[in-house]
1. If you check every pair at least six apart or on different chains, which have Cβ atoms under 9 Å apart with a residue in segment 123-144 that is within 30 Å of Arg301 (Cβ to Cβ) first and a residue that is of a type in the set (D, E, K, R) and not in a strand (DSSP E or B) second?
2. Assuming Leu309 fulfils every condition listed in (1) touching a residue at least 12 places away in the same chain (Cβ under 8 Å); (2) touching a Ser or Thr at 6+ places or on another chain (Cβ under 9 Å) apart from one, which condition is it?
3. Being outside any helix (DSSP H, G or I) and closer than 17 Å to Val282 by Cβ is the filter here, so list the residues in segment 308-332 that pass it.
4. Identify all residues within segment 1-30 that are exposed (fewer than 13 other Cβ atoms within 10 Å of the Cβ) and at pLDDT 95 or above; write none if there are none.
5. Could you check segment 342-448 for helices (runs of 4 or more DSSP H) lying wholly inside it with 3 or more residues that are more than 16 Å from ligand 1 (Cβ to nearest atom) and of a type in the set (D, E, K, R)?
6. Run down Ser310, Ser381 and say which single residue is away from ligand 2 (no atom under 16 Å from the Cβ), closer than 14 Å to Gly273 by Cα and not hydrophobic (A, V, I, L, M, F, W, C).
7. Taking the residues in segment 206-231 that are more than 15 Å from ligand 1 (Cβ to nearest atom) and surrounded by fewer than 24 Cβ atoms within 10 Å (Cβ to Cβ) as candidates, determine which candidate is farthest from the chain's Cα centre (by Cα).
8. Of all residues being among the β-branched types (Val, Ile, Thr) and buried (at least 24 other Cβ atoms within 10 Å of the Cβ) in segment 163-181, which is nearest to Arg137 (Cα to Cα)? Just the residue, please.
Amino acid sequence: MTDRRVRLYDLARMDDAARARLLVRSEENLDQFVEAVKPIVADVAARGDAALADCARRFDGAPAEFSQILTPPEDFAWADRQVSDEVKAALAFAADNIRRFHLAQMPEDMWLKEMRPGVFAGERWTPIDSVACYVPRGKGSFPSVALMTAIPAVVAGVPRVVMLTPPGADGRADAATLVAARLAGVSEVYRVGGAQAVAAVAYGTASVPHCLKIVGPGAPYLIAAKKLLADRIDPGMLAGPSEALVLADETADGKLAALDLLVEVEHGPDSSGFLVTNSRDVAEAAIAAIPGFFGNMSATRIDYTMTVLSSERGGIVLTPDLTSAYDFVNDYAPEHLMIHAREPYQHLGHIRNAGEILLGENTSNTLANFVIGPNNVLPTSGWAKTMSPLSVFDYMKRATVAHVTPKGYHELAGAAECLARYEGFDAHANAVSATRAAIMKERDGKTG
Ligand SMILES: NC(=O)c1ccc[n+]([C@@H]2O[C@H](COP(=O)([O-])OP(=O)(O)OC[C@H]3O[C@@H](n4cnc5c(N)ncnc54)[C@H](O)[C@@H]3O)[C@@H](O)[C@H]2O)c1
Ligand SMILES: N[C@H](CO)Cc1c[nH]c[nH+]1
Ligand SMILES: [Zn+2]
């Protein structure tokens, strides 16, 4: 146990500056991490696999003889023996739901509409050629993230999907992560973590392929490297330390709200999480309940939890009314939002910014993190204001498609030539002017 206290913030008594401080996440300033990863990135660029092996020893405690970055086939057999049947069944169940959700999310391959007579325009989706799925392993292992990053890639049809994850002290990838990779249909798993993982796929090494994009969450070292290498590899949506808000109205059960508040703040000391409520009774019930849950938590997870809940990145926010509760949620733009209320849909329309919205006291974040089906890789640090959860769309891109018939051409050419001349582009204008008509007429005269 700890003598640190869960903080209660009474918004009605706070000024704007104090309220604004509650919105700040640990990723706000990554300068120190960017500086720390610069030499790592440069080393990987210069020495490739040798640098990756050094990093594995230095940061992950891999054995002195560690040198093979690609997981050998026999490790998949080892992982299968290592992981219990119960965990394998849970992973298979999760994989099935995740696949169903992402299959439902797939867009039509192509759409084409007649915009005007003879003028067809639309869009076509194609998968990107290669993607690297990062599966973290610093403060726990994340086979669920292996499923969440790889399954939508496979569903989207990406031809080359590889996985990157730190080695353990035995030099191996986490066993359940290997089982999850197999379930998702991925057989290339590279044992490399953090910033060096981003550098490996950004530059390519003798054993790690260069990839077009890297997806997946991680600690600030990984995020810093993604920012640093954004001109070499598509870093996708940035998913950093986990965070959640629980929005609870006066009909909520404070104890249950507290139970769900603890879910994301146990990830690490850099996580964030608040229970936001307009009810003092709910707030007080939640504060009273929290220590009672520590009996079933490890000392490490209690320490992470209390570090967050006793800082300005966590605790209970008491609001004067529901409108200020909604405002706080929308300004915060949480990665996960749980709504505890007898009528949760009544609040849904007031929420604009959240990566994931979980409605009602049965929809615990734990269900969403593992088994409902929607992705558990979500934008953090307020990025939910502009970004969306990881999805099949992260593994695909759109091309616009157009087709103009002779009839359509005559509809369009005059306006296009006019605008081309206004912008001063002669060749643009010529391409749709009498010059084109003359060329076509001459050709048709010859062929006809
Ligand atoms: N936003 C999301 O969708 C989402 C989902 C799952 C997990 N997460 C978050 O992902 C994070 C995972 O972090 P993690 O630590 O468990 O795993 P991680 O794999 O990101 O971190 C481990 C790696 O960090 C690097 N590292 C450690 N110390 C270092 C140092 N001193 N210098 C340079 N590099 C160093 C090493 O390369 C190591 O392999 C957590 O914060 C978790 O909350 C977020
Ligand atoms: N809450 C994480 C996303 O922020 C996902 C996760 C995986 N395992 C546990 N939690
Ligand atoms: Zn979590």
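1. Between residues of segment 123-144 that are within 30 Å of Arg301 (Cβ to Cβ) and residues that are of a type in the set (D, E, K, R) and not in a strand (DSSP E or B), the close pairs are Val135/Asp174; Arg137/Asp60; Arg137/Asp174; Gly138/Asp60; Ser141/Asp174; Phe142/Asp174; Pro143/Asp174.
2. Result: Leu309 fails condition (2) only.
3. Once the filter is applied, which keeps residues that are outside any helix (DSSP H, G or I) and closer than 17 Å to Val282 by Cβ, segment 308-332 yields Gly314, Gly315, Ile316, Val317, Leu318, Thr319, Pro320, Asp321.
4. Passing the criteria: Arg5, Ala12, Arg13, Asp15, Asp16, Ala17, Ala18, Ala20, Arg21.
5. Those helices (runs of 4 or more DSSP H) span 406-423, 434-447.
6. Ser310
7. Ala206
8. Here the residue is Thr165.
The values are calculated or read from the model by the stated rules, or taken from the named source; none is laboratory data. Remember, it's a predicted structure, so these values are computed and weren't measured experimentally. So basically every Cβ, Gly included, is an ideal-geometry build from the backbone, and we count neighbours across all protein chains shown.
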